[in-house]
Amino acid sequence: MKARRRTTIIASVCLAVLLAASILELRRVDQLRPQGTLDEVLFISSPQVLKRASLGYDGLMADIYWTRAVQYFGRKRHVDATAFHLLAPLLEITTHLDPHLIVAYDFGANFLAPAPPDGAGEPQRAIQLVQYGIEHNPNEWKLYYNLGFIYYMQLQDYAKAADAFARGAEVPKAHPFVRILAAKMAQHAGEYETARMLWRSTYESTHDDLIQQNAIEHLRCLRVDEDVTHLQDAVTRFGQRTGRLPASMYELAVAEGWRGFPADPDGHPYKLDREGRVLVEHPQDFPFIIKGVPPGYKALPPKFRSKK
């Protein structure tokens, strides 16, 4: 029994010494060629092989590879920020060795997604990385936030961004702003029912006056965007039937069989310009609208109304 324990202790000490020596050797290589680029080669690219070779020291090995990933990214940005071939493999090895190393997902996705020289220009690999993180850490709301941010910033896929933010908003202790982002993305994607549900949920899930007023204003603007979308469809139908644009909102209303003039939430009728664009009478009263504004219009900062 004592001999077995002694053997275990000796083996552990030897492994620790070897790991320390490996780290020192890596640092020495760096010092020998400080201006050079890291070879675009991974001698062991399989996370499974490395996991077995770590002899149970997965966390330590993950920290080593995470350090290498950070060093690689920093050096490539300084020397040659046009290609980052090893970045994704280094991050994937890191997270397979330690699926709960959240910092590797947070910063790794930000390294991978942006276009060079700010990043590797690999948003799909960044998405795969974060999705792997969510799979193993479903209660980390920031991972859903990172996923939504990639869809929004790099791919302009508002529907998928809305879905990512909405899933993150359901995680316990998620920041309330994640639900707001989900609603904004759904509105951008034209998913009005989803956006309306999310803004109502935002209003009902907080006692903060500013957040509630923000939700109310977005609901008002959401109705405007939806109205303008339907009215613009009516203009298109009129043109297909007659071969011309309607001369006025009155002519359009008659052609569609409406009993009155469509109006915004404040009761002001929508307008129709010479190019057939449906416009809001007072766009400054709806600071978050996406549609119904004249070309070149710039919205002013919102002023929330006092609660009655």
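The values are calculated or read from the model by the stated rules, or taken from the named source; none is laboratory data. Keep in mind the model is a prediction, meaning the values are calculated, not measured. We place every Cβ from the backbone using ideal geometry, glycine too, and count neighbours over all the protein chains shown. Note: accessible area is taken over every heavy atom of the protein model, side chains too, but ligands, DNA and RNA are not part of it. Shrake-Rupley method; radii C 1.70, N 1.55, O 1.52, S 1.80 Å.
Quick check on the range 84-103: of everything there that is open to solvent by less than 30 Å² (accessible area, probe 1.4 Å) and not in a loop (DSSP other than H, G, I, E, B), which residue is nearest to Gly133 (Cα to Cα)? Residue satisfying both the conditions and the ranking: Thr95. Which one of these is out of contact with any strand residue (DSSP E or B) (no Cβ under 6 Å at 6 or more places or on another chain), outside any loop (DSSP other than H, G, I, E, B) and modelled with pLDDT under 90: Gly59, Gly108, Gly36? Criteria check complete, one pass: Gly59.
Of the residues making up the range 271-292, those that are touching a Pro at 6+ places or on another chain (Cβ under 8 Å), assigned to a loop (DSSP other than H, G, I, E, B), open to solvent by less than 40 Å² (accessible area, probe 1.4 Å) and within 20 Å of Ala247 (Cα to Cα) are Asp273, Gly276, Gly292.
Quick check on my filter: what residues within the range 112-137 are open to solvent by 70 Å² or more (accessible area, probe 1.4 Å) and either farther than 22 Å from His85 by Cα or part of a helix (DSSP H, G or I) (or both)? Within the range 112-137, Gln124, Arg125, Gln128, Gln131, Glu135 meet the criteria.
Do we have any residue at all in the range 278-289 that's more than 32 Å from the chain's Cα centre (by Cα), at pLDDT 95 or above and β-branched (Val, Ile, Thr)? No, that holds for no residue.
Quick check on my filter: what residues within the range 64-78 are of a type in the set (Gly, Ala, Ser) and surrounded by fewer than 18 Cβ atoms within 10 Å (Cβ to Cβ)?
Within the range 64-78, Gly74 is the sole residue that qualifies.
Of all residues in the range 169-214, which are within 22 Å of Gly292 (Cβ to Cβ) and outside any helix (DSSP H, G or I)? Listed by number, the residues that qualify are Ala189, Gly190, Glu191. If you go through the range 248-298 and keep only what is under 17 Å from Glu217 (Cβ atoms) and in contact with a helix residue (DSSP H, G or I) (Cβ under 8 Å, 6 or more places away or on another chain), you end up with Asp264, Pro265, Asp266, Val280, Phe286, Pro287, Phe288, Ile289, Ile290, Lys291, Gly292, Val293. Across the range 156-169, not a single residue is classified as open to solvent by 50 Å² or more (accessible area, probe 1.4 Å), touching a residue at least 40 places away in the same chain (Cβ under 8 Å), within 13 Å of the chain's Cα centre (by Cα) and within 23 Å of Pro123 (Cβ to Cβ).
Of all residues in the range 221-267, those satisfying the criterion of being surrounded by fewer than 15 Cβ atoms within 10 Å (Cβ to Cβ) and assigned to a loop (DSSP other than H, G, I, E, B) are Gly243, Arg244, Ala247, Ser248, Gly257, Trp258, Arg259, Gly260, Phe261, Pro265, Asp266, Gly267.
Of the set (1) closer than 23 Å to Asp233 by Cβ; (2) open to solvent by 20 Å² or more (accessible area, probe 1.4 Å); (3) not basic (Lys, Arg), all apply to Ala186 but (2). Take Glu217 and decide whether it is in contact (Cβ under 8 Å) with a residue 40 or more places away in the chain, part of a helix (DSSP H, G or I), open to solvent by less than 60 Å² (accessible area, probe 1.4 Å) and of a type in the set (D, E, K, R). Yes: the conditions hold for Glu217.
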